[in-house]
Amino acid sequence: IVGGQDALVGSWPWVVSLQIHRFRRGFHHVCGGVLVNKNSVLTAGHCVIERENVYTWRVVLGAHNLQKFSRHTVKRKIRSITVHPGFKKETFENDIALFVLGSTVRFSSHIQPICLPPDEPSPALENGTSCFISGWGRIYEHGEPSDVLREAQVEIIPYSFCNSSESYWGLVNRNMICAGSRLGDVDACQGDSGGPLACYDNGTKRYYLMGISSFGLGCGRPEYPGIYVRLSQYRTWV
């Protein structure tokens, strides 16, 4: 996460670390993910494409510092991985995948699922007055990833800005959300992919998973905010 701060322990209880085992080097963090029920995690399709062997992966839940797990941390093997059949790695269309855990997790103060958005989110949710991203990714472009979970508040940025010739030039479709900061000082980065764009709804007093971190040009560049999978379009698939 570029331009954020360290999260408080347990403040984003649905955020998980997706890790791959490398021969003789143990597990290391690859992407973020989001817990949506007691045995399912959503992430980005590009995190798992060509790496769909369930035995090389694990999910770490309830973590804060990936270098030292606490008593709240739980690890799970993977039963199955499903990438959206319409995923295109050239354009990042339908960049979403579902991990089913080998066994269910028990919810706790540090492990909770996030709500999925309604099919037709309210304008307040859609325009994201209170939206946050979180992850263990790089803290600036070409920088080091973070051992500790980081967070940042972002704004939802209109298509008119993101699809302009100064920005992504028509690459952002209606299944995507553009979010970050027009100044470019807040963004997701490598290692944050698959993590949540979580927006707070004052009416229900809950966070909703409005997006999943998908792609961007560099990290934290003013003309290029982060692009997220628009979750309300994928309710049926999930």
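None of the figures in this text is laboratory data; all of them are computed from the coordinates on show. Given the structure is predicted, the values throughout are model-derived calculations rather than measurements. Reconstructed Cβ throughout: ideal geometry from the backbone, glycine too, with neighbour counts over all protein chains shown.
What to note about this one:
- Solution diffusion estimate, µm²/s, Stokes-Einstein, the chain, Kirkwood Rh from C-alpha pairs, 10 °C, viscosity 1.306 mPa s: 91 µm²/s
- Semi-axes of the equivalent ellipsoid for region 114-233, Cα gyration tensor, largest first, Å: 21, 18, 11
- Karplus-derived HN-Hα couplings along region 145-150 (A = 6.51, B = -1.76, C = 1.60, θ = phi - 60°), whole Hz, x at Gly and Pro: x, 9, 6, 9, 4, 10
- Partner lysines for Lys77 [C-alpha distance under 17 Å; skip if fewer than 8 residues away on the same chain]: Lys38
- Each part reduced to its alpha carbon centroid, region 4-79 and region 155-193 end up 25 Å apart.
- Pair Asp6, Tyr140: separation of 7 Å Cα→Cβ label points (nm): 1.9 nm
- Each of Asp119, Asp201 was scored by other Cβ atoms within 10 Å of its Cβ. Listed from fewest to most, they are Asp119, Asp201.
- Charged side chains reduced to their Cβ positions (Lys and Arg at +1, Asp and Glu at -1) give the chain a dipole of some 1300 debye around its Cα centre.
- Residue exposure proxy: Arg22, Arg221, Arg150, ordered by other Cβ atoms within 10 angstrom of their Cβ from fewest to most, comes out as Arg22, Arg221, Arg150.
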